[in-house]
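Visitor: This is the structure I have questions about; it appears just below.
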Amino acid sequence: MKALTALGQLDARYDLVVVGAGPAGLCAAGKAADLGLAVLLVDENPTPGGQIYRAVTCSPLGERALLDADYWRGAELVAQFERSPASYAARCTLWSIEADATQPDGAAFEIGLSLDGCARLIGARQLILATGAQERPFPIPGWTLPGVMSAGAAQIALKSAAIVPAGRTVLAGCGPLLYLLARQLAAAGAEIVALLDTTPRSHWLPALAALPDFLRSPYALKGLGLLAQTRRKLRCVAGVSALAAQGQGQLASVRFERGSVAQTIACDTLLLHQGVIPSVNLANAAGCAHDFNPLQHCWQPRLDGWFVSSIPGIAIAGDGAGIGGAESAALRGAIAALGVAQGLGGIDPARREREAAPLRAALGRALWGRRFLDLLYRPALQFLAPPQDETIVCRCEEVSAGQIRDAARRLRVTGPNQMKAFLRCGMGPCQGRLCGPTVVDLIAQTQGRTPAQVGYYRLRPPVKPVTLAELAALPQTEAAIAAVLR
Amino acid sequence: MFKTLSRPRSDAVGARLAFSFDGRPLSGRAGDSVAAALLTNGVVVCRETPVSGAPRAPYCMMGVCFDCLVVIDGVGNRQGCMLPLRAGMRVETQHGRRQIEEPR
């Protein structure tokens, strides 16, 4: 692996640029490079691993048992990538992808990169986007108060800085990560005063139909054991139907409802989690078509059997292609790389099929049990479309659920893009990452439409911040200069 | 508020670094993000929103939420969770919109 630390060290074009150094990106970049392609892996973080393997090569955690063996196995993925001839640019943000038909030697895309305050445009014949997933937004009254964070944030803090919340900590929401984190934090010395489980009771019956597949999946036993262990050691409240964070200027307590009973718990930190959803901003801005997945209740890109999107030359691998977990991400990255290698002539179709076959079989097994988790842990509607009008939905522009419902009802907005023009929701720096899903659900609920009918934000580059100074310093082509000079 | 684990740390533990927050001298660890260093030092609020002046703090710790925006060495709109702490960093609460720095 060739580590690049300045933009000037990058080539002007690559066969393949892979975005994101999580399990999918590491496997895709390594495999493609091993198959003979000129590959560049870019990632905005200082070290590889994405979020699931965050800081796996440099974690300050001394007591390894605090994190699962699954986490530490990520180091092997990194080591495998480092043995490949791929180039790797850390702390490098990719902020745009544009089709470029003018490149003379067949590069199909022009991508914008930023590193250390400098920007540069380079060419890529093909791309694999492996930007992974993000926490599903969890809008409750008071969720913008200092002291409220996502569960993933606490796990990142534990892995990368070996720190845990001080004071009384409450976890709330649903999904396996919530229980995993509760156990990890408690073992690391955090004071977990309660775990408030919002898993809808009504989901158990339909989920049972998918139970057999779940039971033969590798993580069934682990998951059930974790659940039992956590319930024994911590105060767990099931069937929570409403949540609110309270405090003046910072979190002081959590109020929750369980049936007709309401209770308040004093606390210093509230960690929210209700599953993860694909990070769609880059693929959306690149023009890739997305569909709404009603089972997982999230948007995901439209992909073919080799994970190629609706834009030929752009493939999407890992959780960004659809939530499946770290093991499936690595396999999808490898399969996508085989597809790219064959497309660029590095390997023939027969070899592509031969090498992909065992990967596909393993991928099928890795996804056993997914359906059970998806059916059981799909959030209740009140946590997707908050009923309390004062709940902030767009954190950046401070637009409330009441304002959005009002615009959906009175102004009959056609979708989130028109909503944005009226209310500014989605115009802030996060580019709709924390409000988009909620806005869609609120419009859908108010107007009696489905999320698929309502649609999502139409995103445009830059998908991450880049300064005017960086753009102004970009070298300009003759054609670009001629286009503006008279 | 976050606290450091009291257990032994690995060889990857970095050196202590001196930095400041709103003029207060603080200590952090090389390898931590600015956001992690602030949280470990008991900093509760890192910015006030441009829309209403509401207090905010880091939420996602992975560069998605943009609630960890702080002023670092006079430059605003820096995502604390995406930047590694450096010795001598001057970190400040961002009050509202970023103030564009005057050219020197």
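Visitor: Residue by residue through segment A:198-227, note down the ones that are open to solvent by 80 Å² or more (accessible area, probe 1.4 Å) and farther than 25 Å from residue A:69 by Cα.
Guide: A:201, A:202, A:204, A:205, A:208, A:209, A:212
Visitor: Right, here's the next one. Count, please, the residues in segment A:211-232 that happen to be out of contact with any Gly (no Cβ under 7 Å at 6 or more places or on another chain) and either among the acidic types (Asp, Glu) or in a helix (DSSP H, G or I) (or both).
Guide: Here the count works out to 15.
Visitor: For segment A:93-114, does any single residue satisfy the condition of being on the phi > 0 side of the Ramachandran plot and either within 14 Å of another protein chain (Cβ to nearest Cβ) or β-branched (Val, Ile, Thr) (or both)?
Guide: The answer is no; no qualifying residue exists.
Visitor: Which one of A:69, A:108 is in contact (Cβ under 8 Å) with a residue 24 or more places away in the chain and either among the aliphatic types (A, V, I, L, M) or closer than 25 Å to residue A:312 by Cβ (or both)?
Guide: Step by step, each of A:69, A:108 is checked, and only A:108 is in contact (Cβ under 8 Å) with a residue 24 or more places away in the chain and either among the aliphatic types (A, V, I, L, M) or closer than 25 Å to residue A:312 by Cβ (or both).
Visitor: Looking at A:82, A:44, which one is within 14 Å of chain B (Cβ to nearest Cβ), of a type outside the set (Phe, Trp, Tyr) and out of contact with any Asp or Glu (no Cβ under 9 Å at 6 or more places or on another chain)?
Guide: Residue meeting the stated conditions: A:44.
Visitor: For segment B:41-54, give me each residue that is in contact with a Lys or Arg (Cβ under 8 Å, 6 or more places away or on another chain) and either open to solvent by 40 Å² or more (accessible area, probe 1.4 Å) or of a type outside the set (Lys, Arg) (or both).
Guide: B:45, B:46, B:48, B:49, B:50
Visitor: Residues to consider are A:163, A:156; find the one that is facing another protein chain (nearest Cβ under 9 Å), open to solvent by less than 20 Å² (accessible area, probe 1.4 Å), under 18 Å from residue B:62 (Cβ atoms) and out of contact with any strand residue (DSSP E or B) (no Cβ under 8 Å at 6 or more places or on another chain).
Guide: Exactly one residue qualifies, and that residue is A:156.
Visitor: Among residues belonging to segment A:397-443 that are within 14 Å of another protein chain (Cβ to nearest Cβ) and touching a Pro at 6+ places or on another chain (Cβ under 6 Å), point out the one that is nearest to residue A:137 (Cα to Cα).
Guide: Across segment A:397-443, the extreme among qualifying residues is A:434.
Visitor: Can you pull out the residues in segment B:69-92 that are more than 23 Å from residue A:58 (Cα to Cα) and either open to solvent by 20 Å² or more (accessible area, probe 1.4 Å) or free of Cβ contacts under 8 Å to residues at least 40 places away in the same chain (or both)?
Guide: Residues satisfying the conditions are B:69, B:70, B:71, B:72, B:73, B:74, B:75, B:76, B:77, B:78, B:90, B:92.
Visitor: I need the full set of residues from segment A:445-468 which are within 22 Å of residue A:401 (Cβ to Cβ), open to solvent by 60 Å² or more (accessible area, probe 1.4 Å) and either in a helix (DSSP H, G or I) or among the aliphatic types (A, V, I, L, M) (or both), in order please.
Guide: A:445, A:452, A:453
Visitor: Would you mention how many residues in segment A:375-399 are buried (at least 20 other Cβ atoms within 10 Å of the Cβ) and of a type outside the set (A, V, I, L, M, F, W, C)?
Guide: Of the residues in that region, 7 qualify.
Visitor: Any residue in segment A:180-196 that is in a helix (DSSP H, G or I), more than 16 Å from residue A:168 (Cα to Cα) and out of contact with any Pro (no Cβ under 6 Å at 6 or more places or on another chain)?
Guide: yes
Visitor: Now, a different point. Identify, by number, the condition in (1) within 30 Å of residue A:20 (Cα to Cα); (2) open to solvent by less than 10 Å² (accessible area, probe 1.4 Å) that residue A:275 doesn't meet.
Guide: (2)
Visitor: Looking only at residues in segment A:120-153 that are part of a strand (DSSP E or B) and either in contact with a His (Cβ under 6 Å, 6 or more places away or on another chain) or closer than 24 Å to residue B:57 by Cβ (or both), which one is farthest from the other protein chains (Cβ to nearest Cβ)?
Guide: Step by step, filter segment A:120-153, then rank; the result is A:133.
Visitor: Select from segment A:166-197 the residues that are at positive phi, out of contact with any Cys (no Cβ under 9 Å at 6 or more places or on another chain) and surrounded by fewer than 24 Cβ atoms within 10 Å (Cβ to Cβ) and list them in ascending order.
Guide: A:175, A:189
Visitor: So for segment A:236-254 (the condition being on the phi > 0 side of the Ramachandran plot, in contact with a Lys or Arg (Cβ under 6 Å, 6 or more places away or on another chain) and surrounded by fewer than 17 Cβ atoms within 10 Å (Cβ to Cβ)), does at least one residue qualify?
Guide: Taking every residue of segment A:236-254 in turn, at least one turns out to be on the phi > 0 side of the Ramachandran plot, in contact with a Lys or Arg (Cβ under 6 Å, 6 or more places away or on another chain) and surrounded by fewer than 17 Cβ atoms within 10 Å (Cβ to Cβ).
Visitor: Okay, next question. If you take the residues of segment A:360-370 that are in a helix (DSSP H, G or I) and crowded, with 18+ Cβ neighbours inside 10 Å, which of them is nearest to the chain's Cα centre (by Cα)?
Guide: Result: A:370.
Visitor: Among the candidates A:416, A:429, which residue alone is closer than 26 Å to residue A:98 by Cβ and open to solvent by 40 Å² or more (accessible area, probe 1.4 Å)?
Guide: A:429
Visitor: Right, next: Of all residues in segment B:20-44, which are under 10 Å from the mean Cα position of the chain (by Cα) and over 18 Å from residue A:164 (Cβ atoms)?
Guide: Passing the criteria: B:20, B:21, B:34.
Visitor: Right, here's the next one. For residue A:311, indicate whether it is of a type in the set (Val, Ile, Thr) and either outside any strand (DSSP E or B) or open to solvent by 40 Å² or more (accessible area, probe 1.4 Å) (or both).
Guide: yes
The values are calculated or read from the model by the stated rules, or taken from the named source; none is laboratory data. Predicted, not measured: the structure shown is a model, and the values here were computed from it. Glycine also receives a Cβ, built like all others from the backbone with ideal geometry; neighbour counts cover every protein chain displayed. We work out accessible area using only protein heavy atoms, side chains counted, and drop any ligands, DNA or RNA first. Shrake-Rupley method; radii C 1.70, N 1.55, O 1.52, S 1.80 Å.
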